[in-house]
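The values are calculated or read from the model by the stated rules, or taken from the named source; none is laboratory data. The structure displayed is predicted, hence computed values, not measured ones. Every residue, glycine as well, gets a Cβ built from its backbone with ideal geometry; the counts of neighbours run over all protein chains shown.
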Amino acid sequence: TIKVSPSADGAALSKQQYGVFFEDINYAADGGLYAELIRNRSFEFNATDASGFTGLTAWTTAGTATVVNDDQRLNDRNRNYLKLTGGVTNAGYNSGIALKKGDKYDFSVWARGDAALRVSVNLADGTALAAPITIAVAGDTWTKYTGTLRATATTDRGRLTVSTPGALRLDEISLFPRDTYKGRSNGLRRDLAEKVAALRPGFVRFPGGCLVNTGSMYSYDGAFNYPRARSYQWKDTVGPVETRATNKNFWGYNQSYGLGYYEYFQFSEDLGAMPLPVLPALVTGCGQNRATVDEALLQRHIQDALDLIEFANGPVTSTWGKLRARQGHPKPFGLTTVAIGNEENLPDAYWANFLKFEAAIKAKHPEITIVSNSGPDDQGGTFENLWAKNKANGTDMVDEHYYNSPSWFLQNNARYDSYDRNGPKVFLGEYASLDAKFYNSLAEAAYMTGLERNADVVKMASYAPLLANIDNVQWKPDLIWFDGDESWGSTSYQMQKLFMNNVGDRVVPSTVTGGGVVQPKPITGAIGLSTWRTAATYDDVKVTRPDGTVIFSDDFNDGNADGWTAVQPRGNWTVTSGGYAQTTTDTEDTMVKAATVTDTDYDYTLKATK
Ligand code: AHR
């Protein structure tokens, strides 16, 4: 029986109830949302970013092409450049550079020397994809040259070649589609940005995640020994793109920072969403677990937080407001909320730093809402610890994260029913039910009804991660998938879209009696080991999908032991998948072997062990 009380006062839902969390994971930025088509455009890739990366990664050469790092460089923050006699070809991301017939593409390059530079886009076999252009480079000072190519064919396999009959120095070789989201220069890939926009997010949390609270907290200082693998520091990511010092990305690649803080703010504004930046708290997490002991460094980061508020909101006459205006946005971005730290699992060190950030920000900007941390995961030991501190402190809002099985989401629907109504508000900054089946999306939807019922406490929620390049996946499940020219949403994307496009104004209280919660058990009775026998009569062992398809089998009759051994006493087999476990007890003497099977179609790992 469902009883609805329309006249009772339910919690009000806000425009920010649901949003998105963008992190540069799974090549979500370069080669993804950031529309630049040239990979390693400034020749800064380096083995620190990822094993095997060099200044010529993604480039092939015909002639003499050398990556040089000397005092002739473009600027102190863009150290390498290319000395070229002959030609170089860039392969782009995924299968190649995506071009659409009839569309315009803006080419640009910084160059020095006196020689012609020919620019063309072709297939690998040389077939032209646009009429080539020739640029006359003149003079031995770094100058930016531009040109436009119009695609004569549609492809996802293009290559860009620049060549010269003379000798030139080149840097920051760029090719951008004119057709970006909202037509912004240095903008975003339209199909991906539109998929995010279709969710109608109320906020954008960025730029991480582990991206924020890992790596060196020291900044790029223009010196020769600058730290690579730096934490994500917003000042590295603003200003002209050729002055943004590239960096190792925590997720194992290079980040150009072409998509930086200015672009995040602009994107949030274009979406009509609240920007929600996350700043490092000077305590590294995500497996690194170190706290800074350098007080001057901590104070510098606190100043960076204040400067960020000035960059977003300050007048054009202020130092950082002036930079925002120079980048093209004299009007303030209207920043209201900042988060300090991510999944902090050194709670005492984090807390000491958080209080300093909070005091400094509140002293200068009492209007800013500050989001604190709950720890790495509510299943972890630090959770209670940090929540207690946040409550005692009267913190504005606390960021919780959890990735869990569908059954966890169903069983914990009432999680926030008992939260202290007078305590800090909750920002559920990251969550997803592990695996990517429709069933997972249903479990998330059921859980979201619990978030809405508690909208007086849970003020914001975002599924994570948002984007994944199909060829470069570090984490799944993800909401939106893409390759060089196509993108598609997961079932969870559709579910989020449904909820995010239909946020009500107010919860109508209701109660349910009778019935019961149906607990799903997708493995039980569906996936199991089929037949195994005693040593004398054994034949096969099989693991099957729910539809009966065999995804693992071993034939005992082939006369090959294949690593199986006969054991006594009798034992148990366990098959685990997506957070579920099914155990079967042997009734006969047992043949045993550990086997791990990854079933890509179903996206789970099965493990059969004794
Ligand atoms: O969303 C992927 C990662 O999950 C985030 O970087 C981190 O905060 C969490 O552990």
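Residue-by-condition table, conditions (1) surrounded by fewer than 18 Cβ atoms within 10 Å (Cβ to Cβ); (2) assigned to a helix (DSSP H, G or I); (3) hydroxyl-bearing (S, T, Y):
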position	(1), (2), (3)
E367	yes, no, no
S372	no, no, yes
E430	no, no, no
D435	no, no, no
N440	no, yes, no
D456	yes, no, no
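Could you identify the single residue in K362, K331 that is within 24 Å of S268 (Cα to Cα), surrounded by fewer than 15 Cβ atoms within 10 Å (Cβ to Cβ) and touching a strand residue (DSSP E or B) at 6+ places or on another chain (Cβ under 8 Å)? Explain how you work it out, then say what you get.
On the way: K331 fails: touching a strand residue (DSSP E or B) at 6+ places or on another chain (Cβ under 8 Å).
The unique qualifying residue is K362.
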(Q) With the structure loaded, tell me whether F383 is at pLDDT 90 or above and either more than 28 Å from D307 (Cβ to Cβ) or not in a strand (DSSP E or B) (or both) or whether it fails that test. (A) no
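Output the residue which, of all residues in the range 246-262 that are more than 14 Å from the chain's Cα centre (by Cα) and not polar (S, T, N, Q), is farthest from the ligand (Cβ to nearest atom).
Y262
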Q | Selection count where residues are surrounded by fewer than 21 Cβ atoms within 10 Å (Cβ to Cβ), closer than 30 Å to D9 by Cβ and in contact (Cβ under 8 Å) with a residue 60 or more places away in the chain, scope the range 468-499 | A | 2
Q) Condition test on D30, is it of a type in the set (D, E) and either under 29 Å from the mean Cα position of the chain (by Cα) or within 16 Å of the ligand (Cβ to nearest atom) (or both)? A) yes
Q. Do we have any residue at all in the range 117-134 that's among the charged types (D, E, K, R), modelled with pLDDT of 95 or more and in a strand (DSSP E or B)?
A. yes
**Q.** Residue in the range 207-217 that is more than 16 Å from the ligand (Cβ to nearest atom) and assigned by TED's automatic domain parsing to the domain that holds A468 present
**A.** yes
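If the requirement is being more than 16 Å from the ligand (Cβ to nearest atom) and at negative phi, which of these qualifies: A461, A443, A468? Spell out how you get there, then give the answer.
Working: A461 fails: more than 16 Å from the ligand (Cβ to nearest atom); A468 fails: more than 16 Å from the ligand (Cβ to nearest atom).
Being more than 16 Å from the ligand (Cβ to nearest atom) and at negative phi holds for just one of A461, A443, A468, which is A443.
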Q | In the range 148-205, the residues that are buried (at least 22 other Cβ atoms within 10 Å of the Cβ) and among the acidic types (D, E) | A | D171, E172
**Q.** Filtered residues of the range 152-202 (kept if touching a Lys or Arg at 6+ places or on another chain (Cβ under 9 Å) and either within 16 Å of the ligand (Cβ to nearest atom) or acidic (D, E) (or both))
**A.** D171, E172, D179
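Only one residue in T214, T292, T243, T237 is among the polar types (S, T, N, Q) and under 21 Å from A359 (Cα atoms). Which one? So that I can check it myself, show each step before the final result.
Working: T214 fails: under 21 Å from A359 (Cα atoms); T243 fails: under 21 Å from A359 (Cα atoms); T237 fails: under 21 Å from A359 (Cα atoms).
On inspection, the qualifying residue turns out to be T292.
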Q.
Of all residues being at pLDDT 85 or above and among the basic types (K, R) in the range 200-240, which is nearest to A464 (Cα to Cα)? Just the residue, please.
A. R205
Q.
Going through E44, E23 one at a time, which residue ends up being within 16 Å of the ligand (Cβ to nearest atom) and crowded, with 24+ Cβ neighbours inside 10 Å?
A. E23
Q) Within the range 4-33, restricting attention to residues that are touching an Asp or Glu at 6+ places or on another chain (Cβ under 8 Å) and outside any loop (DSSP other than H, G, I, E, B), which residue is farthest from M495 (Cα to Cα)? A) D30
Q: Could you tell me which residue of the range 333-375 is modelled with the lowest pLDDT, considering only residues that are over 15 Å from L282 (Cβ atoms) and within 16 Å of the ligand (Cβ to nearest atom)?
A: G375
Q) Hey, among N254, N247, which residue is among the polar types (S, T, N, Q) and surrounded by 24 or more Cβ atoms within 10 Å (Cβ to Cβ)? A) N247
